[in-house]
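Quick note: the coordinates plus some simple rules give every number you see, no bench work behind them. Since the model is a prediction, treat every value here as computed from it, not as a measurement. So basically every Cβ, Gly included, is an ideal-geometry build from the backbone, and we count neighbours across all protein chains shown.
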Amino acid sequence: MVKVREDQYIREDGSVDLDIWLEQLQSQMDIENIEQLRQACELVQQAQDRVSPNEDVWSKNTQGSLLTGLEMTQILVELQQDQDTLVAGVLYRSVREGKLSIERIRKEFGTPIAKLIDGVLQMAAIGSRKNPRSEELVLGSGFAQVDNIRKMLVAMIDDVRVALIKIAERTCAIRAVKEGSRRKRYLVAREVFDIYAPLAHRLGIGHIKWELEDLSFRYLKPNDYKHIAQLLDEKRLDRQGFINTMVSLLEQKLGEASIDGEVNGRAKHIYSIWRKMQRKNIDFSQVYDVRAVRILVPEIRDCYTVLGIVHGLWRNIPHEFDDYIASPKPNGYRSLHTAVFGPEGKVLEIQIRTFEMHEEAELGVCAHHLYKGTDTKTSSDAYEDKIAWLRQVLEWHEDLGESEGFGDMLRADIVQDRLYVFTPDGHVIDLPNGATPVDFAYRVHTEVGHRCRGAKVNGRIVSLTTQLRTGDQVTILTDNEERPRRDWLNPNLGYVTTSRARAKVAHWFKEQDKDKNADAGRKIVDREFKRLALDQEEIDIRKVAGSVNYKTAEDMFAALGAGDIRLSQIISGAQRQVERPGVEHDEQLDLALPGSIAEARSGDAGIRIEGVGNLLTNIATCCQPVPGDPIGGYITQGRGVSIHREDCRNLLELRQREPGRLLEVDWGEEGETTYPVDISIESFDRPGLLRDIMILLAEERLNVMAAHTLTDKSSNTAKLSITIEIARLDLLGKIMDKINQVPNVIDVRRQRSGVHS
């Protein structure tokens, strides 16, 4: 964590010794103009003397604004910031509290510093408030709040130093908030945890991110924090002795390999431990990286050499190795992570990285000095830098502004990427990953979306289901008449992926004549029933309407035509009728076929075993896996298949000693049974047609039980009969829609008869 050595420059009476403070800064980095920093400090002191200090959580004696400015500046020094940023750090809090004006800052210190402070003031518009419907704190809602976020991002994109100053200020706030009321601690911690810790993560500032998470976690969940802290304290001496032994051994091995590196113990942060326990549903004793070592080496090749040394010393734990050098994290983080069974069977996590990677992990964007201007760069390089930064902040904004559960989204390990495309005029439009030209059209303007008939991407006409990529220039081809297509509302066809575009299309159809909507909806249902080979005489359409909360079938058809209800909901209602007890039909065929995927039961947990019939299974007592754990199977003599955790020592030994008796297993789905269904596909023949269909089915994780192809050379057509295992009719409709999108496919239907021979 960042530490402030204030004990050296604060006198006994609470006043500040600027000479000692400035000497400390100069010992940490080369300050360009130390007198300008002194001038800024003296100005803050004078302004503070003129105004009675407000009572706030940052006040210490009578030095509130000044001490906060000095502490912010010290954080910025550790982030290796430039002269203007340091001066802005000293002055910011006084400007925020109204003791100094932007005009005076501009007059005495220049426009660049005034602009930095003004940018940080814009970020102050972002804050937390209480949700009137719950106790959860959320961001300010509505268009005004989103507009504030966008203004803040404009300032950030223009100069990354703005975000760094604000993060430094919030770091000071969370450090000092222990002096405030319980409610004040909660409010500050909630804001820091939801907004500024994730932002520090996005910027790759590792040590700041960890500190903000730990301190805010302390106030948000004090009982959990204290519990884990106590567990760490109880074993601290034993753990430290173990770590010291490992550090000495690894230093010896690095010397033998002639690698000039550093080895040190790595502290595991309390919030990180709690999050891992929650995410993996494990006890404290199962958190592998409580004992952790970090190894720093000069070159990338040394990283892999050291990895070989580590794995030569101790056996590595399966699935606990990550190569973030070959595949860096989205925020640029690079390192090798591995976990091994060390001496006495104790698990040890080891991180291996170069000194440069370590600096980037600690400082993030600060290590790249993107903020220092473009004087030494070509215009192309500067543009690329700005686009890279734009991607980071817009990704953060999307999580923050459009998700109801924004806090969880920001803290998620996997964050959806954004893509950035251009209008014909060169304006940048940001969209979710996977967006299509239709999404783009509605993002530009609702009227453009309604009139969309086609699209050009980079000058070439493309399908409206084409997924856009960052850098594409998109031109929408429009008609004079507003006429969206009903197919756009079918999620299986892939025309629309954003909720904004889907809502606009649905609203347009809702505004149309109800009779037309009902007629369109009836035709959609009739066509789907025929395609799924459902006998409409067996189905009471009024009961189907009731199952989806409509009084009459006419109302249900109108809702479907207007886009208020999805076709899959109606199909699910129809399926419940044809599956009533006592009726035998081909959805209920026995699946006990040779070589199929069978399920065996052990207690209440379904275990699916690939490639074998029904076998007796038992849960191994040595590791006692529970649903959700990675598992493996071992064929015993007379006791069926024994199920172990993947990291079980016994299973690891069996894998080396008797690999031929191991099976791949996973936890089966509870309460869902699959049935064989025959589908008929008609298409124009072409090479690779069957391959493309099989790849699609494999991507959907469906089991293909049989397939037959008949080609008619005279008409150049092909008929395919495929038997697949499916759980629900609505899922079958989705699969058939996707097959229909395969090039050259004419029609896809379900067939009642068996697979043709």
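Determine the shape class of segment 675-750: with a ≥ b ≥ c the square roots of the Cα gyration tensor eigenvalues, call it rounded for a/c under 1.5, and otherwise prolate if a/b is greater than b/c, oblate otherwise.
Judged from the Cα gyration tensor, segment 675-750 comes out prolate (a/c at least 1.5, a/b above b/c).
In terms of modelled amide H atoms, which long-range or inter-chain residues lie less than 5 Å from the amide H of R485?
none
Among 678-691, 462-475, how do they line up by average Cβ neighbours within 10 Å per residue, starting with the highest?
Highest mean packing first, the order is 462-475, 678-691.
I want the local charge near N490. Using Cβ-Cβ distances under 10 Å, sum +1 for each Lys or Arg and -1 for each Asp or Glu among the other residues.
Surrounding charge for N490 is +2.
For a quick check: with amide H placed at 1.01 Å from N, whose amide H comes under 5 Å from R750's, ignoring anything fewer than 5 positions away on the same chain?
Residues meeting the amide H criterion: L532, A533, S680.
What list of ³J(HN,Hα) couplings, whole Hz, do you get for segment 179-192 from phi and the Karplus terms 6.51, -1.76, 1.60, once you set θ to phi - 60° and write x for glycine and proline?
Values, residue by residue: 7, x, 6, 4, 5, 4, 4, 5, 4, 5, 5, 4, 5, 4 Hz.
Can you list residues whose amide H is under 5 Å from T717's amide H, if they're 5+ apart or on another chain and H is modeled 1.01 Å from N?
Placed amide hydrogens put D685, D712 under 5 Å from T717.
Can you compute 3J(HN,Hα) from phi for each residue in segment 73-86, using the Karplus curve 6.51 cos²θ - 1.76 cosθ + 1.60 with θ = phi - 60°, rounded to whole Hz and x for Gly and Pro?
5, 5, 4, 5, 5, 5, 8, 6, 7, 8, 4, 4, 5, 5
Which entries of K523/K738; K329/K738; K280/K738; K184/K226; K516/K738 show an alpha-carbon separation above 25 angstrom in the structure shown?
Result: K329/K738; K280/K738; K516/K738 exceed 25 Å.
May I ask you to evaluate 6.51 cos²θ - 1.76 cosθ + 1.60, the Karplus curve with θ = phi - 60°, for each residue of segment 569-575 and list the ³J(HN,Hα) values in order in whole Hz, giving x for glycine and proline?
5, 5, 5, 4, x, 5, 5
If one computes P(r) from the Cα atoms of segment 418-509, what percent of pairs lie at distances over 17 Å?
Summing the P(r) of segment 418-509 above 17 Å gives 40 percent of all pairs.
On a full-extension model of 0.36 nm per residue, what is the gain between T111 and R691, subtracting their alpha-carbon distance, rounded to one decimal in nm?
202.4 nm
So for segment 228-367, averaging the separation of alpha carbon pairs under 8 Å that are six or more residues apart and normalising by length, what relative contact order in percent results?
Relative contact order, segment 228-367: 22 percent.
What order do you get for 315-323, 211-219 when each peptide is scored by the mean count of other beta carbon atoms within 10 Å, highest first?
In descending order of packing, they fall as 211-219, 315-323.
Go through 562-572, 541-551, 334-344 and give me the packing order, highest mean Cβ count within 10 Å leading.
562-572, 334-344, 541-551
If a/c stays under 1.5 just call it rounded; otherwise compare a/b with b/c (prolate if a/b is bigger, oblate if not). Do that for segment 228-367, with a ≥ b ≥ c from the square roots of the Cα gyration tensor eigenvalues.
oblate
What pairs in K510/K734; K209/K276; K115/K166 have C-alpha atoms more than 18 Å from each other?
With Cα atoms farther than 18 Å apart: K510/K734.
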